[in-house]
Amino acid sequence: MIVNVGGRTDIVNYYSEWLINRMNEGFAYSRNPLFQNNVSKISMKPEDIDCLIFCSKNYKPILKYMKKINEKYRIICHYTITAYGTDIEPNVPSIEESIKTLIELSKIVGKEKVLWRYDPILLTKKYGVDKHLETFKIMAKQIAPYVQRCIFSFVEMYKKLDYNMPEIISFTEDNKIKILKGIGELSKECNLYVQTCGTDENYEKYGINISGCTTKEILEQANNVKYKNVKSNPMRKGCNCIPSRDIGAYDTCLNGCKYCYANKRPDLAKENIKLHDKNSPLLLGNIEKTDKITEAKSKSLIIQDKREQISLI
């Protein structure tokens, strides 16, 4: 079983203590987003987890735990650092601080387990094509030695952006191609493997590799294991990710990013966090009498583990 720690919210940034408690107790509960009374019990025991997928915009709150986590679990760490300031990502650390933390993380867990996400790429008057390429160049030079690869995507123009981010500008084919060429060339200069996420488009002619951010191949490379061939479980069109179980909850992320798909509206997370109890098996609230709890299957996808045996003491 593969467990996702960051698909629905930034657990690492805001709920690290809760996550550590779940690891220590050996399980977590997760509500079905569509059928709230359906709750899955997900094992957090190292022997039941094929990989923990972390995704965050700030690993600082969990850095002190990462050495032990890395010793006990197979992991992969997606670290999102973009060109945007607090006007678009209000509660995200600065680029300089984020890069410093990424380097610390990489030194703890190893560069093969760290993926830099430069996404989503979106356009406004302030953040135009040239601004993106200028910022990407500065960041890539510093980050490249400490990551397995860079993953980027173009923003999806979903309905919520009409009112959450009215300043957004739609891509033209020309400025999209300029970004693709620029990222491809800059990545080559920095010896940085770069790929897309969530698209069926093939950009290999620009020096950009095929899409998929948590594929079988990426997880194998990160943890020196061999996985079974598993059909991808698309979260959106063009997604090639391996199936995973998410222990988070929507409408709980306080990063406040204007382009966020996981929060219905910016103020909802501030209200919901009041329901958080770091000692509860659920990220939000507690189990109710009407809840139906089902134990998630933890059948392993690993067919060969090349790592040395690790003590879990």
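The values are calculated or read from the model by the stated rules, or taken from the named source; none is laboratory data. Being a predicted model, the structure only gives us computed values, none of them experimental. Cβ placement follows ideal geometry from the backbone for every residue including glycine, while neighbour counts extend to all protein chains displayed. With ligands, DNA and RNA removed, areas are computed over all heavy atoms of the protein, side chains included. Shrake-Rupley method; radii C 1.70, N 1.55, O 1.52, S 1.80 Å.
Computed over protein heavy atoms with a 1.4 Å probe, the accessible surface of segment 29-124 works out to 38 Å² per residue.
For the chain, the longest principal axis of the alpha carbon atoms and the long axis of helix 173-189 meet at an angle near 80°. Over the C-alpha atoms of the chain, the Rg to Rh ratio, Rh being the Kirkwood estimate, stands at 0.95. For segment 148-186, the list of GluC sites (Glu not before Pro) that fall in a loop by DSSP and count at most 15 other C-beta atoms within 10 angstrom reads Glu156, Glu167.
Backbone geometry of segment 267-277 corresponds, through the Karplus equation with coefficients 6.51, -1.76 and 1.60 at θ = phi - 60°, to 3J(HN,Hα) couplings of 7, 5, 4, 5, 6, 5, 5, 5, 8, 6, 10 Hz, x marking Gly and Pro. Available extension along the chain between Phe27 and Glu220 is 67.0 nm, counting 0.36 nm per residue and deducting the alpha carbon span. Averaging the sequence gap over all C-alpha pairs within less than 8 Å and six or more residues apart, then dividing by the number of residues, gives segment 53-159 a relative contact order of 31 percent. Compactness check for segment 16-132: Cα Rg over 2.2 N^0.38 Å is 1.25. The C-alpha atoms of the chain define a longest principal axis, and helix 16-25 lies at about 40 degrees to it. Label positions at Glu271 and Val230, each projected 7 Å from the Cα along the C-beta direction, are separated by 3.6 nm.
Would you please classify the overall shape of segment 183-229 from the alpha carbon gyration tensor, given that a ≥ b ≥ c denote the square roots of the eigenvalues, rounded means a/c under 1.5, and beyond that prolate means a/b larger than b/c while oblate covers the rest?
Because a/c hits 1.5 or more and a/b fails to exceed b/c, segment 183-229 counts as oblate.
Exposed loop sites were defined as trypsin sites (Lys or Arg not before Pro) in DSSP loop states (anything but H, G, I, E or B) carrying at most 11 other C-beta atoms within 10 Å; in the chain the longest segment without such a site runs 1-124. When only Cα pairs below 8 angstrom with a gap of at least 6 residues are kept, the chain shows a relative contact order of 25 percent.
Amide H to amide H, with H built 1.01 Å from N, Arg149 comes under 5 Å of Trp116, counting only residues 5 or more places away or on other chains. A probe of 1.4 angstrom, applied to the heavy atoms of all protein chains, finds Glu189 with accessible area near 130 square angstrom. For the pair Lys126 and Lys188, the difference between a 0.36 nm per residue extended length and the Cα-Cα distance amounts to 19.7 nm. Database remark: amide H of Thr124 closer than 5 angstrom to the amide H of Ile169 (H placed geometrically; neighbours at sequence offset of 5 or more, or on other chains; Pro and chain starts carry no H). Stretching the chain fully between Asn202 and Asn91 yields a gain of 36.6 nm (0.36 nm per residue, less the alpha carbon separation). Surface exposure of segment 162-224, expressed per residue as accessible area with a 1.4 Å probe, stands at 54 Å².
If one takes the longest principal axis of the Cα atoms in the chain, at what angle in degrees, from 0 to 90 and to the nearest 10, does the Cα axis of helix 95-109 lie? For 95-109 against the chain, the angle is about 50 degrees. Loop-located chymotrypsin sites (Phe, Trp or Tyr not before Pro) across segment 21-83 with a Cβ neighbour count of 10 or fewer within 10 Å are Phe35, with loop assigned by DSSP. Of the solvent-accessible surface of the chain, computed with a 1.4 Å probe over protein heavy atoms with every protein chain present, carbon and sulfur atoms account for 49 percent.
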